[in-house]
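All remarks here apply to the structure that follows.
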Amino acid sequence: MGKEQKGGLVLTGATTVAFLLLLTWLYASFLDVNPLESWKDQLSYWRSGGFSSKNGDKGIEEVNVEPLKLLLGRLVRGDDRIQLDTAGFSCQSEVCVASKPVRIDNNALTIYIPSSESQVEREIKPYADYHANSLVSSVRIVAGDHSNNSPACHFTHDIPVVVFSSGGFAGNLFHEMDEIIIPLFITSRHFRSRVKFVITDYKPWWVSKYSRVLNHLSGYEVINPAADGNVHCFPGGVVGLKFHGFLALNSTDIPVGYSMFDFKHFLRESYNLKINNVSEMEREKPRLMLISRQNSRMFLNEDEMVVMMEELGFEVVRPRPNRMSNLDKFAEVVNSCSVMVGAHGAGLTNELFLPAGAVVVQLVPLGLEWASTYYFSVPASEMGVNYLEYKIEPEESSLVETYGREHPIVTDPASMSAKGYYAFRAVYVDGQNLKVNLGRFRETLVQAMELIGQSN
């Protein structure tokens, strides 16, 4: 009797399991999901207490995770927030946010977003600077009822996605930080690494260069659409990156109110930088980094400048461009310096890695006053570093030798701007070198020495 009852129980249990499996596969067929992947996702989700991905994590931050809709909603305000709440989808200029499930067809670089409204198609360039549009691939967004023509999911994730381009002006440190890394921090940091990146215009060298940053912002492997070719499905996501200005973070318009202080702290963690403030340095001589250029805006008397700096009591570090490209190691070198000196150019972007209380000295070539102010002077104060400026006189510029002291190019640079950006750039950005007046520049370096003395 007992055996019959046991056998009946076994038979009933087996029947129940078979029935549940049948329901699961019917559910999978209807919704185009892989049930095994879905189960793995849910198991990972239960273990971690929040969003997860089938690809596994690389160091998810252990925090209380807010609902995804709330996290995505923090990226939009005003009418855009109302639209996101009501329609589940909002596009503002070059940034689109969806709190509804999205399907990304990597082959076609097309993103499908369900909506009860009539179908709307849009193409955006997921890069922060529209001047680089010709260098950025378009992403097509299809929002509406497309249940009959959207592709089936090959992989289903239960974390949100952020889609952005590593194209544009990548290859120039200033543009990489200004238009990709800082906007990526603004857009994704509040997800606490529970987010997956899809990188269009994928450049292996760029992903390798910024691997520490990417790994700190996301606990998951990035997707290269050109190599993947699958359809990935997410519960929501962002296409494009929020941009606040040159090397800028507007804390009043950022989820959780992150500031430049927080971004610099994030960089210190990412690159394991030891020195937070120049007062922590124990060097016998303050270390000065001279950014050496080789193509334009070169210092024609650089060796003499180094001699003068050493006479003033500085230990001078003069890195070459090939060394600066290895950001993992170079960030450490910058962090060990009290002073950074350089002509206006991308190399000064390394001020992001300087400790608080350090000094940045920018030499401003003829015609580049506006760019010098807004690219490096204004951001410096938010970074907690002191900023000094040395304006090149006409006699210190090679343009005098090329065109003559009374030529409008020398006496009236503004007149050249009327001829267009490329004509202006050819002269003042690409066609100018500097021979610094050592006596006059010495006064600026003495001031720098005094400032770091006050920080100790």
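The values are calculated or read from the model by the stated rules, or taken from the named source; none is laboratory data. Given the structure is predicted, the values throughout are model-derived calculations rather than measurements. When we count neighbours, we look across all protein chains shown, and the Cβ atoms used for this are built from the backbone with ideal geometry, even at glycine.
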#### Entry: Total residues in region 395-420, condition within 12 Å of Gly367 (Cβ to Cβ), more than 33 Å from the chain's Cα centre (by Cα) and loosely packed, with under 13 Cβ neighbours inside 10 Å
3
#### Entry: Residue, farthest from Glu351 (Cα to Cα), within region 388-441, restricted to residues that are assigned to a loop (DSSP other than H, G, I, E, B) and either among the small types (Gly, Ala, Ser) or modelled with pLDDT under 95 (or both)
Gly404
### Query
Quick one: is Asn172 assigned by TED's automatic domain parsing to the domain that holds His131 and more than 16 Å from the chain's Cα centre (by Cα)?
no
#### Entry: Whichever residue in region 54-108 is under 21 Å from Asn215 (Cα atoms) and of a type in the set (A, V, I, L, M) and, among such residues, is modelled with the lowest pLDDT
Val63
### Query
Right, Val231: at pLDDT 95 or above and either in the same structural domain as Tyr375 (by TED's automatic domain parsing) or aliphatic (A, V, I, L, M) (or both) or not?
yes
### Task
May I ask you to list the residues in region 127-156 that are among the acidic types (Asp, Glu) and either without any contact (Cβ under 8 Å) to a residue 12 or more places away in the chain or surrounded by fewer than 18 Cβ atoms within 10 Å (Cβ to Cβ) (or both)?
Asp145
### Message
Against the condition on the phi > 0 side of the Ramachandran plot and assigned by TED's automatic domain parsing to the domain that holds Trp205, how does Gly167 come out, does it pass?
### Response
no
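Can you find even one residue in region 194-204 that is over 30 Å from Leu451 (Cβ atoms), free of Cβ contacts under 8 Å to residues at least 12 places away in the same chain and assigned to a helix (DSSP H, G or I)?
Within region 194-204, one or more residues are over 30 Å from Leu451 (Cβ atoms), free of Cβ contacts under 8 Å to residues at least 12 places away in the same chain and assigned to a helix (DSSP H, G or I).
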### Message
Step by step: first the residues of region 386-402, then only those that are of a type in the set (A, V, I, L, M, F, W, C) and out of contact with any Pro (no Cβ under 8 Å at 6 or more places or on another chain), then the one that is farthest from Phe263 (Cα to Cα). Which residue is that?
### Response
Leu399
## Note on the structure
All-but-one check, Tyr428 against (1) out of contact with any Leu (no Cβ under 9 Å at 6 or more places or on another chain); (2) in contact (Cβ under 8 Å) with a residue 40 or more places away in the chain; (3) farther than 30 Å from Lys285 by Cβ, failing number (1)
### Query
Regarding Pro365, is this residue under 30 Å from the mean Cα position of the chain (by Cα) and modelled with pLDDT of 95 or more?
yes
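So that you can scan it fast, the table gives a plain yes or no per residue for (1) touching a strand residue (DSSP E or B) at 6+ places or on another chain (Cβ under 6 Å); (2) part of a helix (DSSP H, G or I); (3) of a type in the set (D, E, K, R):
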{"site": "Phe261", "(1), (2), (3)": "no, yes, no"}
{"site": "Leu273", "(1), (2), (3)": "no, no, no"}
{"site": "Ser279", "(1), (2), (3)": "no, yes, no"}
{"site": "Met309", "(1), (2), (3)": "yes, yes, no"}
{"site": "Val316", "(1), (2), (3)": "yes, no, no"}
{"site": "Met340", "(1), (2), (3)": "yes, no, no"}
### Query
Inside region 426-447, can you point out the residues that are charged (D, E, K, R) and either farther than 17 Å from Trp370 by Cα or surrounded by 14 or more Cβ atoms within 10 Å (Cβ to Cβ) (or both)?
Lys435, Arg440, Arg442, Glu443
### Query
Looking at Phe266, Phe299, Phe314, which is the one that is closer than 20 Å to Tyr210 by Cα and among the aromatic types (Phe, Trp, Tyr)?
Phe266
